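The values are calculated or read from the model by the stated rules, or taken from the named source; none is laboratory data. Since this is a predicted model, take the numbers as computed values, not measurements. Positions of Cβ are backbone-derived with ideal geometry, glycine not excepted, and every protein chain shown enters the neighbour counts. Heavy atoms of the whole protein, side chains included, go into the accessibility calculation; ligands, DNA and RNA do not. Shrake-Rupley method; radii C 1.70, N 1.55, O 1.52, S 1.80 Å.
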Amino acid sequence: MGSTASFFKRNWKLLVNIATVIALVALVYIIRHEIVETFRNLSKVNLWALSLIVPLTVFGYHSQTKMYQGLFGLLGNKLDYKFMFRAAVELNFVNSVFPSGGVSGISYFGVRLRRHDITATKASLVQIMKLLLLFIAFEVLLIAGLLLLAIGGQANDLVVLVAGSISTLLVVGTVAFVLIISSERRIHATFTGLTKLINKIVYAVRPKHPETISISRAEGIVKDLHVNYKRIESRYRELRSPFFWALMVNLSAILSIYVVYIAFGEWVNIGAIILAYSVANFAGLVSVLPGGVGIYEALMTGVLAAAGIPVGLSLPVTIMFRVISTLIQLPPGYILYHQTVHKAGTKLPPTSHA
């Protein structure tokens with residue numbers, strides 16, 4: 001056991017790079033047919049319109065950066081714009097290549113911020129608050145999208161059911177999170193119970209490890225999480241700026257899809273795109289494949305068809321958007337991530353994506 005730990009300690013950079021390359025190769029292999037189809041369709045589209053994805057992607061990263069700066073500011077940390085922008089690009093790469101419902105990104109984000117004397121718990125809370133704001137902001141866009149569909153006569157029973165279900169999940173999830181984290185007693189009971197449950201499951205497989213996750217350490221993390229949340233809660237009026245940028249993050253992603261339709265010469269109801277985007281991204285969170293490949297495309301196409309956009313149009317548009325976005329975002333993300341891993345003093349363990 002000691003020799004194994006020593007091997008990982010000596011070679012963690014090599015192992016991280018091997019894992020990253022394998023994940024990238026797997027992603028390219030999985031979407032190889034989509035890449036070929038995208039290049040075939042390039043002759044059919046307006047490349048000037050398609051190129052708008054690039055500034056929209058940059059604006060999306062800018063919005064994430066401003067949101068992070070606002071949230072950390074509420075916790076008393078002032079972070080440099082350039083650093084946070086770079087971290088946002090790296091984080092997108094990690095979440096795209098290592099499918100784990102965002103857990104990989106939270107882990108990497110905590111490690112990435114150590115050099116700024118920010119605890120992993122504080123970094124995790126900011127990531128959780130980011131997701132919470134994105135969900136609430138998307139609720140606003142979802143309502144607007146449903147109204148646009150209704151105006152266009154495309155809000156049929158299935159569309160209303162889907163939009164209502166997503167809205168309910170967002171509201172219930174947000175309320176449950178706030179109720180748990182705002183009370184020290186509730187958050188302690190919830191996380192301690194989860195820790196004990198995980199330990200029992202692991203113990204059934206590894207009898208020699210009755211407490212894989214330290215209960216006392218988990219309690220310390222929970223207390224720190226609650227204290228930092230209360231600091232944000234006490235300054236809730238200042239969440240208006242992070243919320244605005246969360247709205248911009250969602251809007252930039254939706255507009256990136258819409259410009260592909262424009263590139264195909266079609267001006268569709270943007271409400272349908274908002275609805276389809278929300279369904280596909282929720283499903284992508286639980287996909288075992290990088291970026292929710294397969295599930296994302298199928299659900300986007302299905303929901304768009306239900307909202308009145310023909311499959312013959314929505315499928316090539318969805319595929320082109322996915323491939324172009326991947327080609328734009330992953331290479332710079334990989335380069336920056338690779339540089340960070342190899343930077344002197346960066347302590348990124350090989351298990352940070354587990």
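Of everything in the stretch 141-172 that is open to solvent by less than 40 Å² (accessible area, probe 1.4 Å) and modelled with pLDDT of 80 or more, the residue that is farthest from Leu304 (Cα to Cα) is Leu141. For the stretch 121-128, indicate whether the set of residues that are open to solvent by less than 40 Å² (accessible area, probe 1.4 Å), charged (D, E, K, R) and either within 23 Å of Ala272 (Cα to Cα) or modelled with pLDDT of 80 or more (or both) is non-empty. Yes: the stretch 121-128 contains one or more residues that are open to solvent by less than 40 Å² (accessible area, probe 1.4 Å), charged (D, E, K, R) and either within 23 Å of Ala272 (Cα to Cα) or modelled with pLDDT of 80 or more (or both). Scanning the stretch 222-277 for residues that are of a type in the set (Ser, Thr, Tyr), open to solvent by less than 40 Å² (accessible area, probe 1.4 Å) and over 19 Å from Ala306 (Cα atoms) yields a count of 3.
One residue alone among Val28, Val21, Val54 is open to solvent by 40 Å² or more (accessible area, probe 1.4 Å) and at pLDDT 85 or above, and that residue is Val54. A count restricted to the stretch 216-264 and to residues that are under 20 Å from Met129 (Cα atoms) and in contact (Cβ under 8 Å) with a residue 40 or more places away in the chain stands at 25.
Filter the stretch 301-324 for residues that are among the aliphatic types (A, V, I, L, M) and assigned to a loop (DSSP other than H, G, I, E, B) and give the result. Listed by number, the residues that qualify are Ala307, Ile309.
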